[in-house]
1. Express the relative contact order of the chain as a whole percentage, based on alpha carbon pairs under 8 Å and six or more residues apart in sequence.
2. Using the Karplus curve 6.51 cos²θ - 1.76 cosθ + 1.60 with θ = phi - 60°, what ³J(HN,Hα) values do you get for each residue of region 72-77, in whole Hz, with x for Gly and Pro?
3. Once the principal axes of the Cα atoms of region 71-184 are found, what is the range along each, listed largest first in whole angstroms?
4. Which ³J(HN,Hα) values, rounded to whole Hz and listed in residue order, are derived for region 196-204 from phi using the Karplus coefficients 6.51, -1.76 and 1.60 in 6.51 cos²θ - 1.76 cosθ + 1.60 with θ = phi - 60°, glycine and proline given as x?
5. Where in region 120-190 are there trypsin sites (Lys or Arg not before Pro) that are in a DSSP coil and have at most 15 other Cβ atoms within 10 angstrom of their Cβ?
6. By how many nm would the segment from Arg207 to Trp281 grow when fully extended, if each residue of separation counts as 0.36 nm and the alpha-carbon distance is taken off?
7. Taking a spot 7 Å from the Cα of Thr86 along the direction of its beta carbon, which residues of region 213-245 have an amide N less than 13 Å from it?
8. Beyond a 25 Å Cα-Cα separation, which of these cross-linked pairs lie in this structure: Lys235/Lys261; Lys261/Lys295; Lys110/Lys278; Lys174/Lys278?
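Quick note: the coordinates plus some simple rules give every number you see, no bench work behind them. Just so we're clear, the structure is a prediction, and the values are computed from it rather than from any experiment. A quick note on method: Cβ atoms are made from the backbone with ideal geometry, for glycine too, and the neighbour counts reach across all protein chains shown.
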Amino acid sequence: MHCAELNPDTMPFPASMREPEDDLLEIDRETFQACFDRRPFLIGHELTNHPLFEISRLLRLCRSLPETSVEYNAGNIPICVAPERTPGNGLSADETIRRIAECKSWLVLKYVEQEPEYRALLNRCLAEVARHSEPHRPGMRLTQGFIFISSPRSVTPYHMDPEHNFLMQIRGSKRVHLFDGRDRSIVSEEELERFYTGGHRNLEYRRNCERTGWTYDLSPGSGLHFPVTAPHYVKNGPEVSVSFSITFSTPDIERRSEVHKFNAYLRRCGLQPAPAGKYPWRDRLKSFNVRAGRKLQRLLAERTS
Ligand SMILES: [Fe+2]
């Protein structure tokens with residue numbers, strides 16, 4: 001999930017200019033250093049009883065967001081489903097939230113930083129993440145928040161996301177199945193290229209990856225790191241679930257996405273491009289080309305407008 005246009009660079013920095021506050025997240029420094037953007041790991045959080053996640057407050061948030069920032073559908077679906085075949089639930093977003101306990105649905109409120117209170121909370125959480133990420137992956141930007149509200153037993157189908165993500169379980173429980181996005185037998189180069197050139201996030205689930213990957217049971221107070229483009233699907237527990245996803249980008253993953261974009265172009269020209277990461281100097285060249293192309297398009301658009 002991403003929407004670069006909606007949120008300008010809103011780095012929650014510098015921390016020195018912020019009032020001292022109690023930490024909301026519990027992050028183990030060694031685990032973060034060893035695993036960030038490589039494999040999932042658990043964190044803790046203090047958001048469980050936060051008033052911004054009460055259903056009545058979430059309803060108000062939903063009404064205040066633009067329609068394009070609210071996505072919802074039926075939640076009693078298989079783990080692998082083509083996006084165009086994802087069934088609706090026949091309700092409005094408002095009704096979906098009010099009847100979430102029985103309407104067998106899945107709903108996400110996107111870019112919740114559009115509301116100042118949620119923006120403040122997102123920035124506070126990400127400032128804590130940044131203490132760990134900045135020394136290794138500097139340049140936190142495009143900070144965005146998503147709130148998932150889902151019915152008992154609902155399913156989020158198999159998909160991947162383009163940003164660094166920490167998912168905090170606020171209410172209810174979830175079982176998250178995650179797979180190694182660096183393994184090309186799980187996610188192919190072609191799938192990555194499709195994804196980065198506007199393809200849908202849902203992926204084809206390959207039965208051969210069933211015995212690989214990681215499974216985490218999340219309950220209130222626990223959170224999970226999802227590495228960039230690590231495929232996953234999620235099954236809700238027997239209660240209503242509310243979870244808060246805090247996400248951000250860094251220049252290195254933006255460069256990676258540009259390499260996949262350029263590789264998609266080379267493949268369309270009938271070539272077999274080297275995978276991203278294999279030849280760093282070629283990657284730099286590919287990324288440069290994509291940026292130069294983007295700049296040229298912008299200049300041409302300005303001239304013709
Ligand atoms: Fe996801």
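1. Numbers: 560 pairs, mean separation 70.6, N = 305.
Over the chain, the number comes to 23 percent.
2. 7, 7, 4, x, 8, 10
3. 46, 40, 25
4. Once θ is set to phi - 60°, the couplings for region 196-204 become 7, 10, x, x, 5, 6, 5, 10, 7 Hz.
5. Values: sites: Arg124, Arg131, Arg141, Arg153, Arg171, Lys174, Arg175, Arg182, Arg184; in loops: Arg153, Arg182, Arg184.
Qualifying residues, ordered by number: Arg153, Arg182, Arg184.
6. On the way: separation 74, 0.36 × 74 = 26.64 nm, distance 3.55 nm.
Computed gain between Arg207 and Trp281 is 23.1 nm.
7. Answer for this model: 233-234.
8. Numbers: Lys235/Lys261 32 Å; Lys261/Lys295 15 Å; Lys110/Lys278 34 Å; Lys174/Lys278 36 Å.
The pairs that break the limit, which is 25 Å between Cα atoms, are Lys235/Lys261; Lys110/Lys278; Lys174/Lys278.
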